[in-house]
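Presented below is the structure to which this report refers.
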Amino acid sequence: QVQLVESGGGSVQAGGSLRLSCAASGSILSINAMGWYRQAPGKQRELVGAISVGGRPNYADSVKGRFSISRDNAKNTVYLQMNNLKPEDTAAYYCHADILAGGAPRFYDYWGQGTQVTVSS
């Protein structure tokens, strides 16, 4: 069984920083892309950023220049460094990974449980 466990959310004032972590564990054979999504109340879940197994990142336009995504393949962990946070960044942040688990016929999408980020003005 595969699990994604997030940590690092919290409350911060505008202009502040937070760092999210997400560790994948379980019977994992391989991980392709990993990334972060967010969902604010009343809105659809949206991609924040993703990173390929080779380390190439891509970001939503709304976070470019402020957020940075990275990963440690040896630890099956993805990180999201969030700087210059704005109130509109307030949302539940979800980790995502494309994982080939032991015994599975192909890669599947896995999700973390979500961690809340609240930015006050």
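Taking the residues in the range 54-85 that are open to solvent by less than 50 Å² (accessible area, probe 1.4 Å) and of a type in the set (Lys, Arg) as candidates, determine which candidate is nearest to the chain's Cα centre (by Cα).
Going through the qualifying residues, I end up with ARG71.
Examine the range 27-38 for a residue that is of a type in the set (D, E, K, R) and under 11 Å from the mean Cα position of the chain (by Cα), and state whether such a residue exists.
Our first condition is that a residue be of a type in the set (D, E, K, R); within the range 27-38, this holds for 38.
Still in the list and also under 11 Å from the mean Cα position of the chain (by Cα): 38.
For the range 27-38, residues of a type in the set (D, E, K, R) and under 11 Å from the mean Cα position of the chain (by Cα): present.
GLN116 - would you say it is assigned to a strand (DSSP E or B), open to solvent by 60 Å² or more (accessible area, probe 1.4 Å) and either more than 17 Å from GLY9 (Cα to Cα) or in contact (Cβ under 8 Å) with a residue 60 or more places away in the chain (or both)? Working first, answer last.
Values: assigned to a strand (DSSP E or B): yes; open to solvent by 60 Å² or more (accessible area, probe 1.4 Å): yes; either more than 17 Å from GLY9 (Cα to Cα) or in contact (Cβ under 8 Å) with a residue 60 or more places away in the chain (or both): yes.
Judged against the criteria, GLN116 is a match.
Any idea which residue in the range 24-53 is nearest to LEU100 (Cα to Cα), counting only those that are among the hydroxyl-bearing types (Ser, Thr, Tyr) and open to solvent by 50 Å² or more (accessible area, probe 1.4 Å)?
Taking the range 24-53 first, the residues among the hydroxyl-bearing types (Ser, Thr, Tyr) are 25, 27, 30, 37, 52.
Filter once more, so that each one left must be open to solvent by 50 Å² or more (accessible area, probe 1.4 Å): 25, 27, 37.
Values: SER25: 12, SER27: 9, TYR37: 20 Å.
Out of the qualifying residues, it is SER27.
The values are calculated or read from the model by the stated rules, or taken from the named source; none is laboratory data. The shown structure was predicted, so the numbers you read here are calculated from the model rather than taken from an experiment. We place every Cβ from the backbone using ideal geometry, glycine too, and count neighbours over all the protein chains shown. Side chains are part of the model used for accessible areas, which takes the heavy atoms of the whole protein and leaves out ligands, DNA and RNA. Shrake-Rupley method; radii C 1.70, N 1.55, O 1.52, S 1.80 Å.
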